[in-house]
């Protein structure tokens, strides 16, 4: 039954608030999709970066997207740059 | 000093006239060349909607420069941009190092796949043709 809860949500359109179900911390066993991240992450490429931004406008955590730590660093850096130039929202509502 | 590559992007107030924007871009280009940099690319992206209002404006005129130089021209350029009323926002990003590591990664990957291909010369082809037949 707990197993069933775990395979909830599609990676793209989960809102982060829904993650805590029940009172104990969840263990993530979801299979990690191998996301293709280019060698050079361009901070101007808004369409690509939008793939790592759920509806609320936050940066998608690594445990959801399943990318490597290194890629996560590069992507979050790029998102922050794009945000400061008003190409991406800080908060979307 | 070693050559560096920068991307400079700035947002111009949407209410400025077209000829003023052009003048500003020319001035930026001239300043860079005077300070010893070279312009690799200049891209007038044009009006875009902002993701959030800046100075109560919803749109802005985006301009992107790619500059090669020592870094000295960047310091001067940023100083000028800060005091310019037409420029609502600017950003400078140094890109050469990230590009270099990207190129290195790509070369490594290509070398690896080439090596792999040389180890298994024919089996892969056979498999793919079988898959197509099935």
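The values are calculated or read from the model by the stated rules, or taken from the named source; none is laboratory data. None of these values were measured; they are calculated from a predicted model. We place every Cβ from the backbone using ideal geometry, glycine too, and count neighbours over all the protein chains shown.
A compact table of results
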{"item": "Any hit, the range B:72-84, residues being within 13 Å of chain A (Cβ to nearest Cβ), part of a loop (DSSP other than H, G, I, E, B) and touching a residue at least 60 places away in the same chain (Cβ under 8 Å)", "result": "no"}
{"item": "Filter result for the condition that a residue is closer than 24 Å to residue B:54 by Cβ, at pLDDT 90 or above and out of contact with any strand residue (DSSP E or B) (no Cβ under 8 Å at 6 or more places or on another chain), over A:82, A:86", "result": "A:82"}
